[in-house]
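Some notes on the structure that comes next.
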Amino acid sequence: MIKIGSDINIAANFLLQNKLVAIPTETVYGLAANALNDEAVLSVFKAKQRPFFDPLIIHLPSIEQIYNYAFLTDNRLIKLANTFWPGPLTLLLPKKNNIPNIVTSGLNLVAVRVPNHPLTLKLLSLVNFPLAAPSANPFGYVSPTSAQHVSNQLKDKVDYILDGGACQIGIESTIVGIENNTVCIYRLGGLTIEEIENCIGKVEIRINNSSNPKVPGQLKSHYAPKKPLFLGDLNELIKINSDKKIGILCFGNEDYKSQKALIYNLSKTKNLNEAALNLFKFLRLADDAKIDILICEFLPNIGLGMAINDRLKRASH
Ligand code: TXA
Ligand code: MG
(Lines give C-alpha, C1' and ligand atoms only; values in the text may rest on other atoms or scores of the structure.)
(Ligands and ions follow the chains in the order given, each with its own letter.)
Protein backbone atom coordinates (compact mmCIF):
# COMPACT_ATOMS: atom_id res chain seq x y z
CA MET A 1 0.00 0.00 0.00
CA ILE A 2 1.30 3.44 -0.83
CA LYS A 3 0.91 6.47 1.35
CA ILE A 4 0.24 9.93 0.04
CA GLY A 5 0.84 12.85 2.36
CA SER A 6 2.69 16.10 2.81
CA ASP A 7 4.92 15.16 5.74
CA ILE A 8 8.57 15.84 4.86
CA ASN A 9 9.80 13.96 7.96
CA ILE A 10 8.14 10.75 6.77
CA ALA A 11 9.57 11.37 3.31
CA ALA A 12 13.05 12.00 4.71
CA ASN A 13 12.91 8.80 6.80
CA PHE A 14 12.11 6.67 3.78
CA LEU A 15 14.91 8.31 1.81
CA LEU A 16 17.38 7.71 4.65
CA GLN A 17 16.45 4.01 4.45
CA ASN A 18 17.22 4.11 0.72
CA LYS A 19 13.54 3.80 -0.17
CA LEU A 20 11.69 5.58 -2.99
CA VAL A 21 9.72 8.78 -2.49
CA ALA A 22 7.83 10.69 -5.18
CA ILE A 23 8.54 14.41 -4.84
CA PRO A 24 6.70 17.45 -6.17
CA THR A 25 8.58 19.99 -8.25
CA GLU A 26 7.43 23.00 -10.25
CA THR A 27 7.89 21.04 -13.49
CA VAL A 28 6.66 17.46 -12.93
CA TYR A 29 6.74 14.94 -10.06
CA GLY A 30 10.03 13.07 -9.62
CA LEU A 31 10.72 9.56 -8.33
CA ALA A 32 13.47 10.23 -5.82
CA ALA A 33 16.15 8.21 -4.08
CA ASN A 34 19.47 8.86 -2.33
CA ALA A 35 21.78 9.62 -5.26
CA LEU A 36 24.85 8.50 -3.30
CA ASN A 37 23.56 4.97 -2.71
CA ASP A 38 23.85 2.49 -5.60
CA GLU A 39 21.06 0.22 -4.32
CA ALA A 40 18.63 3.11 -3.92
CA VAL A 41 19.39 4.42 -7.42
CA LEU A 42 19.09 0.92 -8.83
CA SER A 43 15.55 0.66 -7.46
CA VAL A 44 14.59 3.89 -9.24
CA PHE A 45 15.58 2.34 -12.58
CA LYS A 46 13.69 -0.84 -11.68
CA ALA A 47 10.49 0.91 -10.56
CA LYS A 48 10.40 2.90 -13.80
CA GLN A 49 11.63 0.03 -15.96
CA ARG A 50 14.09 2.55 -17.26
CA PRO A 51 17.13 1.38 -19.26
CA PHE A 52 20.44 1.90 -17.47
CA PHE A 53 21.85 3.93 -20.37
CA ASP A 54 19.43 6.77 -19.56
CA PRO A 55 21.02 8.82 -16.74
CA LEU A 56 19.24 10.64 -13.89
CA ILE A 57 19.11 14.26 -12.77
CA ILE A 58 20.31 14.99 -9.22
CA HIS A 59 18.39 17.54 -7.18
CA LEU A 60 19.95 19.81 -4.56
CA PRO A 61 18.60 22.63 -2.36
CA SER A 62 21.03 25.37 -3.42
CA ILE A 63 23.71 26.39 -5.88
CA GLU A 64 26.34 26.16 -3.10
CA GLN A 65 25.53 22.45 -2.71
CA ILE A 66 26.09 21.85 -6.42
CA TYR A 67 29.81 22.56 -5.98
CA ASN A 68 30.13 19.49 -3.73
CA TYR A 69 29.12 17.16 -6.54
CA ALA A 70 29.99 18.87 -9.85
CA PHE A 71 32.30 21.43 -11.43
CA LEU A 72 30.38 24.62 -12.19
CA THR A 73 33.04 26.88 -13.71
CA ASP A 74 31.69 28.38 -16.94
CA ASN A 75 30.61 31.99 -16.38
CA ARG A 76 27.55 31.66 -18.61
CA LEU A 77 26.30 28.58 -16.76
CA ILE A 78 26.99 30.27 -13.42
CA LYS A 79 24.92 33.23 -14.56
CA LEU A 80 22.06 30.94 -15.62
CA ALA A 81 22.23 29.11 -12.29
CA ASN A 82 22.19 32.34 -10.30
CA THR A 83 19.33 33.74 -12.34
CA PHE A 84 17.03 30.75 -12.68
CA TRP A 85 17.63 28.48 -9.67
CA PRO A 86 15.53 27.39 -7.98
CA GLY A 87 13.68 26.76 -11.23
CA PRO A 88 13.12 24.65 -14.36
CA LEU A 89 16.78 24.59 -15.44
CA THR A 90 19.01 21.50 -15.52
CA LEU A 91 22.75 21.90 -16.11
CA LEU A 92 25.02 19.18 -17.49
CA LEU A 93 28.30 19.55 -15.57
CA PRO A 94 31.52 17.53 -15.19
CA LYS A 95 30.86 15.26 -12.22
CA LYS A 96 32.91 14.78 -9.09
CA ASN A 97 33.89 11.29 -7.97
CA ASN A 98 31.28 11.11 -5.20
CA ILE A 99 28.48 10.74 -7.75
CA PRO A 100 28.06 7.02 -8.49
CA ASN A 101 28.39 5.92 -12.12
CA ILE A 102 24.93 4.39 -12.06
CA VAL A 103 23.45 7.92 -11.75
CA THR A 104 25.18 9.17 -14.91
CA SER A 105 25.11 5.89 -16.87
CA GLY A 106 28.88 5.99 -16.83
CA LEU A 107 29.10 9.45 -18.43
CA ASN A 108 31.52 12.09 -17.14
CA LEU A 109 28.74 14.67 -16.93
CA VAL A 110 26.06 14.80 -14.27
CA ALA A 111 22.71 16.56 -14.70
CA VAL A 112 21.93 18.84 -11.74
CA ARG A 113 19.09 21.09 -10.77
CA VAL A 114 17.63 23.08 -7.88
CA PRO A 115 13.86 22.57 -8.13
CA ASN A 116 11.45 25.32 -7.16
CA HIS A 117 9.00 23.75 -4.75
CA PRO A 118 8.83 24.72 -1.05
CA LEU A 119 8.20 21.18 0.26
CA THR A 120 10.92 19.59 -1.83
CA LEU A 121 13.43 22.34 -1.02
CA LYS A 122 12.80 21.68 2.69
CA LEU A 123 13.13 17.95 2.16
CA LEU A 124 16.41 18.40 0.27
CA SER A 125 17.79 20.45 3.17
CA LEU A 126 16.65 17.84 5.65
CA VAL A 127 18.49 14.91 4.05
CA ASN A 128 22.20 15.45 3.58
CA PHE A 129 22.49 13.90 0.14
CA PRO A 130 21.35 14.79 -3.38
CA LEU A 131 18.19 13.14 -4.68
CA ALA A 132 18.40 11.34 -8.00
CA ALA A 133 14.97 11.76 -9.52
CA PRO A 134 13.64 11.06 -12.99
CA SER A 135 10.03 11.94 -13.75
CA ALA A 136 7.78 9.61 -11.72
CA ASN A 137 6.20 7.75 -14.64
CA PRO A 138 6.82 4.32 -16.15
CA PHE A 139 9.58 4.68 -18.77
CA GLY A 140 8.30 6.14 -22.03
CA TYR A 141 4.97 7.36 -20.66
CA VAL A 142 3.73 10.89 -19.97
CA SER A 143 5.22 12.67 -16.91
CA PRO A 144 2.99 13.10 -13.84
CA THR A 145 1.89 16.56 -12.77
CA SER A 146 -0.05 15.55 -9.64
CA ALA A 147 0.34 13.12 -6.75
CA GLN A 148 -2.67 11.21 -8.07
CA HIS A 149 -0.96 10.67 -11.44
CA VAL A 150 2.00 9.11 -9.63
CA SER A 151 -0.20 6.92 -7.49
CA ASN A 152 -2.27 5.74 -10.48
CA GLN A 153 0.78 4.45 -12.27
CA LEU A 154 3.51 3.50 -9.85
CA LYS A 155 1.13 2.09 -7.25
CA ASP A 156 3.09 -0.04 -4.77
CA LYS A 157 6.45 0.65 -6.45
CA VAL A 158 6.88 3.86 -4.46
CA ASP A 159 7.06 3.96 -0.66
CA TYR A 160 5.70 7.46 -0.13
CA ILE A 161 4.25 10.19 -2.32
CA LEU A 162 4.96 13.67 -1.03
CA ASP A 163 1.90 15.60 -2.13
CA GLY A 164 2.77 19.17 -3.04
CA GLY A 165 -0.31 19.86 -5.14
CA ALA A 166 -0.45 20.34 -8.89
CA CYS A 167 2.84 21.27 -10.58
CA GLN A 168 3.08 24.98 -11.38
CA ILE A 169 4.74 24.63 -14.80
CA GLY A 170 3.68 21.18 -15.97
CA ILE A 171 6.51 20.40 -18.38
CA GLU A 172 10.02 19.09 -17.61
CA SER A 173 13.08 21.27 -17.04
CA THR A 174 15.21 22.69 -19.86
CA ILE A 175 18.55 20.86 -20.12
CA VAL A 176 21.60 23.03 -20.84
CA GLY A 177 25.25 22.13 -21.29
CA ILE A 178 28.43 23.13 -23.09
CA GLU A 179 30.00 21.64 -26.18
CA ASN A 180 33.19 23.09 -27.72
CA ASN A 181 32.66 26.20 -25.63
CA THR A 182 29.14 26.74 -27.05
CA VAL A 183 26.13 26.72 -24.72
CA CYS A 184 23.72 24.07 -26.00
CA ILE A 185 20.11 23.22 -25.22
CA TYR A 186 19.60 19.45 -25.15
CA ARG A 187 15.97 19.39 -24.03
CA LEU A 188 13.40 22.15 -24.49
CA GLY A 189 11.48 22.63 -21.27
CA GLY A 190 9.96 24.91 -18.68
CA LEU A 191 12.65 27.58 -19.03
CA THR A 192 12.26 29.18 -22.46
CA ILE A 193 15.01 29.82 -25.01
CA GLU A 194 14.03 33.49 -24.94
CA GLU A 195 14.67 33.67 -21.18
CA ILE A 196 18.01 31.90 -21.57
CA GLU A 197 19.17 34.10 -24.47
CA ASN A 198 18.08 37.28 -22.68
CA CYS A 199 20.38 36.20 -19.87
CA ILE A 200 23.52 34.96 -21.68
CA GLY A 201 23.08 35.63 -25.41
CA LYS A 202 22.74 33.25 -28.34
CA VAL A 203 22.66 29.51 -27.63
CA GLU A 204 22.49 26.47 -29.88
CA ILE A 205 19.63 24.00 -29.87
CA ARG A 206 20.83 20.39 -30.17
CA ILE A 207 17.72 18.31 -29.83
CA ASN A 208 18.24 14.80 -31.09
CA ASN A 209 15.20 13.33 -32.79
CA SER A 210 16.49 9.95 -33.80
CA SER A 211 15.37 6.84 -31.98
CA ASN A 212 19.02 6.14 -31.22
CA PRO A 213 20.00 9.33 -29.43
CA LYS A 214 23.51 10.58 -28.92
CA VAL A 215 22.41 12.49 -25.85
CA PRO A 216 20.42 10.16 -23.62
CA GLY A 217 16.92 11.30 -22.86
CA GLN A 218 16.05 12.36 -26.35
CA LEU A 219 14.38 9.07 -27.17
CA LYS A 220 11.59 9.67 -29.64
CA SER A 221 9.19 7.34 -27.83
CA HIS A 222 9.22 9.57 -24.77
CA TYR A 223 5.95 11.07 -23.56
CA ALA A 224 3.91 8.62 -25.61
CA PRO A 225 0.28 8.27 -24.55
CA LYS A 226 -1.42 4.94 -25.22
CA LYS A 227 -3.94 6.35 -27.68
CA PRO A 228 -2.54 7.05 -31.18
CA LEU A 229 -1.87 10.76 -31.54
CA PHE A 230 -1.80 12.50 -34.92
CA LEU A 231 -0.42 15.99 -35.44
CA GLY A 232 -1.44 18.33 -38.22
CA ASP A 233 -4.24 20.48 -39.56
CA LEU A 234 -7.26 19.68 -37.39
CA ASN A 235 -9.93 20.08 -40.08
CA GLU A 236 -7.93 17.84 -42.40
CA LEU A 237 -7.44 15.21 -39.68
CA ILE A 238 -11.15 15.29 -38.79
CA LYS A 239 -12.02 14.62 -42.45
CA ILE A 240 -9.58 11.70 -42.82
CA ASN A 241 -10.77 10.11 -39.57
CA SER A 242 -14.52 10.61 -39.95
CA ASP A 243 -15.10 6.91 -39.18
CA LYS A 244 -13.41 7.11 -35.78
CA LYS A 245 -14.22 8.48 -32.37
CA ILE A 246 -11.74 11.28 -31.95
CA GLY A 247 -10.41 13.50 -29.24
CA ILE A 248 -9.25 16.95 -30.32
CA LEU A 249 -6.36 18.58 -28.49
CA CYS A 250 -6.64 22.19 -29.60
CA PHE A 251 -5.35 25.62 -28.65
CA GLY A 252 -7.81 28.53 -28.58
CA ASN A 253 -10.34 27.92 -31.33
CA GLU A 254 -12.62 24.97 -30.54
CA ASP A 255 -15.31 25.19 -33.20
CA TYR A 256 -15.18 21.49 -33.83
CA LYS A 257 -18.22 20.56 -31.75
CA SER A 258 -20.34 19.48 -34.70
CA GLN A 259 -17.98 16.53 -35.14
CA LYS A 260 -19.19 14.91 -31.90
CA ALA A 261 -15.59 14.80 -30.86
CA LEU A 262 -14.22 15.20 -27.35
CA ILE A 263 -12.56 18.60 -27.08
CA TYR A 264 -9.46 19.18 -24.96
CA ASN A 265 -8.68 22.87 -25.24
CA LEU A 266 -5.14 23.48 -23.95
CA SER A 267 -5.96 27.16 -23.46
CA LYS A 268 -9.11 28.95 -24.60
CA THR A 269 -7.29 32.27 -24.29
CA LYS A 270 -4.19 30.98 -26.16
CA ASN A 271 -2.00 31.24 -23.10
CA LEU A 272 1.09 29.04 -23.47
CA ASN A 273 1.67 28.74 -19.71
CA GLU A 274 -1.84 27.39 -19.29
CA ALA A 275 -1.30 25.02 -22.23
CA ALA A 276 1.85 23.60 -20.58
CA LEU A 277 -0.10 23.05 -17.36
CA ASN A 278 -2.83 21.16 -19.21
CA LEU A 279 -0.77 19.14 -21.70
CA PHE A 280 0.15 16.00 -19.71
CA LYS A 281 -3.12 16.09 -17.77
CA PHE A 282 -5.11 16.06 -21.02
CA LEU A 283 -2.98 13.30 -22.57
CA ARG A 284 -3.81 11.17 -19.53
CA LEU A 285 -7.52 12.02 -19.70
CA ALA A 286 -7.55 11.16 -23.39
CA ASP A 287 -5.97 7.80 -22.66
CA ASP A 288 -8.85 6.95 -20.33
CA ALA A 289 -11.57 8.37 -22.58
CA LYS A 290 -13.74 6.42 -25.02
CA ILE A 291 -11.97 7.63 -28.15
CA ASP A 292 -10.01 5.79 -30.85
CA ILE A 293 -7.46 8.47 -31.61
CA LEU A 294 -6.33 11.87 -30.45
CA ILE A 295 -5.64 14.59 -33.01
CA CYS A 296 -3.74 17.72 -32.31
CA GLU A 297 -2.31 20.89 -33.85
CA PHE A 298 1.07 22.58 -33.41
CA LEU A 299 1.15 25.54 -31.05
CA PRO A 300 2.97 28.80 -31.90
CA ASN A 301 6.67 27.92 -31.82
CA ILE A 302 7.65 30.57 -29.27
CA GLY A 303 8.20 30.54 -25.50
CA LEU A 304 6.78 27.41 -23.88
CA GLY A 305 5.18 26.57 -27.23
CA MET A 306 8.56 25.19 -28.38
CA ALA A 307 8.73 22.68 -25.54
CA ILE A 308 5.06 21.74 -25.95
CA ASN A 309 5.52 21.16 -29.70
CA ASP A 310 8.58 19.01 -28.96
CA ARG A 311 6.52 16.82 -26.58
CA LEU A 312 3.68 16.58 -29.10
CA LYS A 313 6.09 15.46 -31.83
CA ARG A 314 7.56 12.78 -29.57
CA ALA A 315 4.10 11.62 -28.52
CA SER A 316 2.75 11.45 -32.06
CA HIS A 317 2.75 8.70 -34.65
O1 TXA B 1 11.84 18.66 -14.70
C2 TXA B 1 12.60 17.69 -14.66
O3 TXA B 1 13.73 17.71 -15.16
C4 TXA B 1 12.09 16.44 -13.93
C5 TXA B 1 11.98 16.76 -12.45
C6 TXA B 1 11.57 15.56 -11.65
O7 TXA B 1 13.19 17.28 -12.00
N8 TXA B 1 12.96 15.34 -14.17
C9 TXA B 1 13.05 14.71 -15.37
O10 TXA B 1 13.89 13.61 -15.33
O11 TXA B 1 12.44 15.07 -16.35
P12 TXA B 1 13.94 12.54 -16.50
O13 TXA B 1 14.83 11.49 -16.01
O14 TXA B 1 12.57 12.14 -16.87
O15 TXA B 1 14.64 13.30 -17.65
C16 TXA B 1 15.98 13.67 -17.48
C17 TXA B 1 16.67 13.73 -18.78
C18 TXA B 1 16.75 12.38 -19.40
O19 TXA B 1 16.26 12.49 -20.69
C20 TXA B 1 18.23 12.05 -19.36
O21 TXA B 1 18.62 11.31 -20.46
C22 TXA B 1 18.88 13.41 -19.34
O23 TXA B 1 18.01 14.19 -18.58
N24 TXA B 1 20.15 13.32 -18.64
C25 TXA B 1 20.35 13.09 -17.32
N26 TXA B 1 21.66 13.01 -17.04
C27 TXA B 1 22.32 13.23 -18.19
C28 TXA B 1 23.69 13.26 -18.55
N29 TXA B 1 24.65 13.05 -17.65
N30 TXA B 1 24.00 13.48 -19.84
C31 TXA B 1 23.02 13.68 -20.75
N32 TXA B 1 21.70 13.64 -20.49
C33 TXA B 1 21.35 13.43 -19.22
MG1 MG C 1 11.05 11.52 -17.95
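Using θ = phi - 60° and the Karplus curve 6.51 cos²θ - 1.76 cosθ + 1.60, what whole-Hz ³J(HN,Hα) does each residue of the range 106-117 get, with Gly and Pro shown as x?
With the stated coefficients, the range 106-117 comes to x, 6, 7, 9, 10, 8, 10, 7, 10, x, 9, 9 Hz.
Enter the accessible area of Ile169 (Å², nearest 10), with the probe set to 1.4 Å and all protein chains included.
40
Could you tell me what percent of the DSSP beta bridges with both partners in the chain are antiparallel, to the nearest 5?
Once the DSSP bridges in the chain are tallied, antiparallel ones form about 45 percent.
If contacts are Cα pairs under 8 angstrom and at least 6 residues apart, what is the relative contact order of the range 229-315 in percent?
Once divided by the residue count of the range 229-315, the mean separation gives 38 percent.
Where only protein heavy atoms count, and the probe is 1.4 Å, what is the accessible area per residue for the range 147-208 in Å²?
Averaged over the residues of the range 147-208, the accessible area is 41 Å².
Which order do the peptides 224-235, 127-138 come out in when sorted by mean C-beta neighbours inside 10 angstrom, highest first?
127-138, 224-235
Report Rg (one decimal) and Dmax (nearest whole number) for the chain, counting Cα atoms only, units Å.
My reading of the Cα-based Rg and Dmax gives 19.3, 61 Å.
Tell me the per residue accessible area of the range 263-317 using a 1.4 Å probe; a whole number in Å² is fine.
Solvent-accessible surface per residue comes out at 42 Å².
Report relative contact order for the range 56-105 in percent, whole number only (criteria: Cα-Cα under 8 Å, sequence separation at least 6).
48
Quick one: if you stick a label point 7 Å off each Cα along the C-beta vector at Lys226 and Asn82, how many nm between them?
For Lys226 paired with Asn82, the spin-label model returns 4.9 nm.
Which of the pairs Lys96/Lys226; Lys239/Lys270; Lys122/Lys226; Lys122/Lys290; Lys95/Lys202 have their Cα atoms more than 31 Å apart in this structure?
On the way: Lys96/Lys226 39 Å; Lys239/Lys270 24 Å; Lys122/Lys226 36 Å; Lys122/Lys290 41 Å; Lys95/Lys202 25 Å.
Pairs exceeding 31 Å: Lys96/Lys226; Lys122/Lys226; Lys122/Lys290.
Please state the relative contact order of the range 3-205 as a whole percent: Cα pairs under 8 Å, 6+ residues apart?
Averaging sequence separation for qualifying contacts and normalising by length gives 32 percent for the range 3-205.
Any chance you could give the angle, 0 to 90 degrees and rounded to 10, that helix 75-84 forms with the longest Cα principal axis of the chain?
Tilt of helix 75-84: around 70 degrees.
Set the Förster distance to 25 Å, then compute FRET efficiency between Asn152 and Tyr67 from the Cβ-Cβ distance, nearest 0.05. Don't jump to the answer; show the numbers that get you there.
On the way: r = 38 Å, r/R0 = 1.52.
For R0 = 25 Å, the calculated efficiency reads 0.05.
Where a Cα-Cα gap under 13 Å defines reach, which aspartates and glutamates qualify for Lys227, not counting those fewer than 8 residues away within the same chain?
Straight-distance partners of Lys227: Asp287, Asp288, Asp292.
Please report, as a whole percent, how much of the solvent-accessible surface of the chain comes from carbon and sulfur atoms (probe radius 1.4 Å).
51
The values are calculated or read from the model by the stated rules, or taken from the named source; none is laboratory data. This one's a predicted model, so the numbers in the text were calculated from it and none came from an experiment. Cβ atoms come from the backbone with ideal geometry, glycine included; neighbour counts cover every protein chain shown. To get the accessible areas, we keep the full protein, side chains included, count just its heavy atoms, and leave off ligands, DNA and RNA. Shrake-Rupley method; radii C 1.70, N 1.55, O 1.52, S 1.80 Å.
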